[in-house]
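To start, the structure itself, in structure tokens.
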Amino acid sequence: MKNFSGKTLRWEWREGMIELMLDHEPANEIGTAMLAELERFVAEFEVLAPETTVCIIASARKSVFSAGGDLRELYATAAAVPEKERAAGVRAFLERIHAVLNAIDAAPFVTIAAVHGACLGGGSSWLWLVT
């Protein structure tokens, strides 16, 4: 799929370039919805990679690039399960984030993070994707 528009991000392929636009109010936090859409993006690499030379990651939010993991969602999710299960649930969520960002980092094309505005906490993880 060369083009996608979801609830938290979108991508568009054109002339060998992918523009991946983070677009999740208020600060492009990576919660379960964005994570699922990022995993969907990575799943398309087989189709996209042979014709792609560069991926530009940017934010549709004017004041922020990314605040990293959605801590409000993570807290609410953890609070809803028994205490003994919380650590495992948090670990699984963070491992999914690491896996998807590692997959983007390992993509067979150059990645460029066009950072503007605030880039906080785990949002800085996007910066190490730049090759």
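The values are calculated or read from the model by the stated rules, or taken from the named source; none is laboratory data. Predicted model only: the values in this text are computed from it and were never measured. No Cβ is skipped: glycine too gets one built from the backbone with ideal geometry, and neighbour counts run over all protein chains shown. The area values use the complete protein model at the heavy-atom level, side chains included, leaving out ligands, DNA and RNA. Shrake-Rupley method; radii C 1.70, N 1.55, O 1.52, S 1.80 Å.
What is the extension gain from ALA76 to GLU95, computed as 0.36 nm multiplied by their sequence separation minus the C-alpha to C-alpha distance, in nm to one decimal?
Working it through step by step, the gained length comes to 5.0 nm.
Before I look further, what does the chain give for accessible area per residue, probe 1.4 Å, in whole square angstrom?
Heavy-atom SASA per residue in the chain reads 54 Å².
Residues of region 85-124 with the amide nitrogen closer than 18 Å to a label point 7 Å from the Cα of GLU19, along Cα-to-Cβ, please.
Residues passing the 18 Å test: 110-117.
Please arrange LYS84, LYS2 by accessible surface area, largest first, computed with a 1.4 Å probe and ligands excluded.
Final ranking, largest accessible area leading: LYS84, LYS2.
At 7 Å along Cα-to-Cβ for each site, give me the label-to-label distance between VAL54 and ALA114 in nm.
1.0 nm
Counting helices only, and only those DSSP H runs with n ≥ 4, report the 222 nm mean residue ellipticity of the chain as the sum of -39,500 (n - 2.57) divided by its residues, in deg cm²/dmol to the nearest 500.
Value at 222 nm, helices only: -11500 deg cm²/dmol.
Leaving ligands, DNA and RNA out of it, report the carbon-plus-sulfur percent of the accessible area of the chain at a 1.4 Å probe.
Answer for the chain is 58 percent, counting heavy atoms of protein chains only.
Any chance you could list the semi-axes, whole Å, largest first, of the equivalent ellipsoid that the Cα gyration tensor gives for region 1-66, using √(5λ)?
Sorted largest first and rounded, they come to 21, 13, 8 Å.
Taking the full set of protein chains and a 1.4 angstrom probe, give the accessible area of ARG91 in square angstrom, rounded to the nearest 10.
For ARG91, the solvent-accessible surface is approximately 150 Å².
For the chain, with the dipole built from +1 on Lys and Arg beta-carbon atoms and -1 on Asp and Glu ones, taken about the Cα centre, which of TYR75, VAL64, MET1 lies farthest toward the positive end?
TYR75
Counting Lys and Arg as +1 and Asp and Glu as -1, each charge on the Cβ, what is the dipole of the chain about the Cα centre in debye, to the nearest 20?
Computed charge dipole of the chain: roughly 260 debye.
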